[in-house]
Amino acid sequence: MAGKIVQKAYSDIKNLKIQGATNIAIAALEALKSAKDRRQLSEIVLLLSSARPTEPLMRNGLRYVAFNVHQHYDFKNSLGFWADKYIQMCKSALERIAEIGSKRIVNNSKIMTHCHSTAVTSVLKKAKDKYKEFEVYVCEARPLFQGRITAKELASHGIKTNYIVDSAKGTYINDMDLVLVGADALTAEGNVVNKIGTSELAYIAKEADVEFGVASELLKFDPVTEQGYLEPIEEREPKEVWERPPKRVKVRNPAFDVTKADLIDFVVTEEGVLSPHNILSMTHDKYPWMKR
Ligand code: RUB
């Protein structure tokens, strides 16, 4: 039976009190450190992995720690060591993405983003710290409005910020120089899984000839996609969309969608700016342990 720390992390992740792939992974790994023995460690890995099905950054981390701890005699010290090591990998990957991505932000440009991604906000804030001037359009990301988190964060960093409803993205896309979004999962085909509405944004960016970029850690690669499995897409509670829908109306609420590699111009990763088609080989080079 998992303890209180893990139960709390599980429900905070499931109920979106903690949201966004990076925050989720770090919270899960912090909670994992409370495991008392090897059996409990395995139970916690299974439980936390199930909290959000479309989160390989968390799943990879839980597996990485469990695998390494099982190689060691000293359970408690090795658990803390490997969990901290993965958390540090996530944090330094994010810093690298901010540094590398900030170079792609052009002075006096307009950028559209969707939902809330710490990778994207880190890139934009770093560009602002380098005295670049630019303007951001943030899509609200219904039903849970994570775009508001982004808008607040950017505006309080002194970045010129516009907030739009999701259906207004087509109205403004022709004014944009770049679309930059985050990712929950990267697949073996070079596709990107992110908040629902991202793939639609990629289609309209293509149509309008606007560059479409993704800011994502290679640690979000999902190794199951190498074996021909599709990334699972979480479907959330209908009441997030419509509290009391009329009888005979079934509300669907997929949390994420898949943007095909061909719609993506570049992916800013901790290893540099890549074509989506190079994600698989770069992940193999950098994180060989991820192979199943
Ligand atoms: C958040 C979302 C974010 C990615 C990337 O969805 O789709 O774009 O998780 O985030 P949700 P980050 O709010 O449902 O978790 O760059 O912070 O890892």
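The values are calculated or read from the model by the stated rules, or taken from the named source; none is laboratory data. Quick caveat: nothing in here was measured; it's all calculated off a predicted structure. All Cβ positions, even for glycine, are placed from backbone atoms using ideal geometry, and neighbour counts span all protein chains on display. SASA here: full protein model, heavy atoms, side chains in, ligands and nucleic acids out. Shrake-Rupley method; radii C 1.70, N 1.55, O 1.52, S 1.80 Å.
For residue 120, indicate whether it is crowded, with 22+ Cβ neighbours inside 10 Å, modelled with pLDDT of 95 or more and out of contact with any His (no Cβ under 7 Å at 6 or more places or on another chain).
yes
Can you spot a residue in segment 242-259 that is more than 20 Å from residue 169 (Cβ to Cβ) and part of a helix (DSSP H, G or I)?
We begin by selecting, within segment 242-259, every residue more than 20 Å from residue 169 (Cβ to Cβ); these are 242-252.
If we keep only those that are part of a helix (DSSP H, G or I) too, we end up with none.
Checking segment 242-259: not a single residue is more than 20 Å from residue 169 (Cβ to Cβ) and part of a helix (DSSP H, G or I).
Check residue 74 against each of (1) open to solvent by 10 Å² or more (accessible area, probe 1.4 Å); (2) more than 25 Å from residue 186 (Cβ to Cβ); (3) at pLDDT 95 or above; (4) more than 16 Å from the ligand (Cβ to nearest atom) and name the one condition it does not meet.
All conditions pass for residue 74, except number (3).
Looking at segment 77-93, is at least one residue closer than 23 Å to residue 272 by Cβ, more than 18 Å from the chain's Cα centre (by Cα), open to solvent by less than 60 Å² (accessible area, probe 1.4 Å) and not aromatic (Phe, Trp, Tyr)?
First pass over segment 77-93, keeping only residues closer than 23 Å to residue 272 by Cβ: 85-93.
Of the ones still in play, those that are also more than 18 Å from the chain's Cα centre (by Cα) are 85.
When the remaining residues are screened for being open to solvent by less than 60 Å² (accessible area, probe 1.4 Å), the result is none.
Within segment 77-93 (the criterion being closer than 23 Å to residue 272 by Cβ, more than 18 Å from the chain's Cα centre (by Cα), open to solvent by less than 60 Å² (accessible area, probe 1.4 Å) and not aromatic (Phe, Trp, Tyr)), the answer is no, since none of the residues qualifies.
Which of the residues spanning segment 182-211 are within 9 Å of the chain's Cα centre (by Cα) and either within 8 Å of the ligand (Cβ to nearest atom) or acidic (Asp, Glu) (or both)?
Filtering segment 182-211 for residues within 9 Å of the chain's Cα centre (by Cα) gives 182-185, 193-195.
Result: 182, 183, 184, 194, 195.
Could you give every pair whose Cβ atoms fall below 9 Å, whose first residue belongs to segment 76-104 and is under 13 Å from residue 125 (Cα atoms), and whose second residue is more than 13 Å from the ligand (Cβ to nearest atom) and of a type in the set (Phe, Trp, Tyr), counting only separations of at least 6 or pairs across chains?
Correct list of pairs: 104/266.
Would you mention how many residues in segment 238-277 are among the acidic types (Asp, Glu), within 21 Å of residue 53 (Cβ to Cβ) and out of contact with any helix residue (DSSP H, G or I) (no Cβ under 6 Å at 6 or more places or on another chain)?
Of all residues in segment 238-277, those among the acidic types (Asp, Glu) come to 240, 243, 257, 262, 265, 270-271.
Still in the running and within 21 Å of residue 53 (Cβ to Cβ): 240, 257.
When the remaining residues are screened for being out of contact with any helix residue (DSSP H, G or I) (no Cβ under 6 Å at 6 or more places or on another chain), the result is 240.
So the answer is 1.
So is residue 203 closer than 16 Å to residue 265 by Cα and among the aromatic types (Phe, Trp, Tyr) or not?
Against the criterion (closer than 16 Å to residue 265 by Cα and among the aromatic types (Phe, Trp, Tyr)), residue 203 qualifies.
Within segment 244-292, count every residue that is within 19 Å of residue 103 (Cα to Cα), within 17 Å of the chain's Cα centre (by Cα) and open to solvent by 70 Å² or more (accessible area, probe 1.4 Å).
1
For segment 228-237, which residues satisfy the criterion of being within 14 Å of the ligand (Cβ to nearest atom) and either out of contact with any helix residue (DSSP H, G or I) (no Cβ under 9 Å at 6 or more places or on another chain) or open to solvent by 60 Å² or more (accessible area, probe 1.4 Å) (or both)?
233, 234, 235, 236, 237
Of the conditions (1) open to solvent by less than 20 Å² (accessible area, probe 1.4 Å); (2) among the β-branched types (Val, Ile, Thr); (3) in contact with a Leu (Cβ under 7 Å, 6 or more places away or on another chain), residue 97 satisfies every one except a single condition; which number is it?
Residue 97 satisfies all of (1) open to solvent by less than 20 Å² (accessible area, probe 1.4 Å); (2) among the β-branched types (Val, Ile, Thr); (3) in contact with a Leu (Cβ under 7 Å, 6 or more places away or on another chain) except (3).
Can you pull out every residue in segment 212-227 that is farther than 20 Å from residue 86 by Cα and either touching a strand residue (DSSP E or B) at 6+ places or on another chain (Cβ under 9 Å) or within 10 Å of the ligand (Cβ to nearest atom) (or both)?
212, 213, 214, 225
So which residues in segment 157-195 are open to solvent by 30 Å² or more (accessible area, probe 1.4 Å) and in contact with a Leu (Cβ under 6 Å, 6 or more places away or on another chain)?
Selection gives 161 alone.
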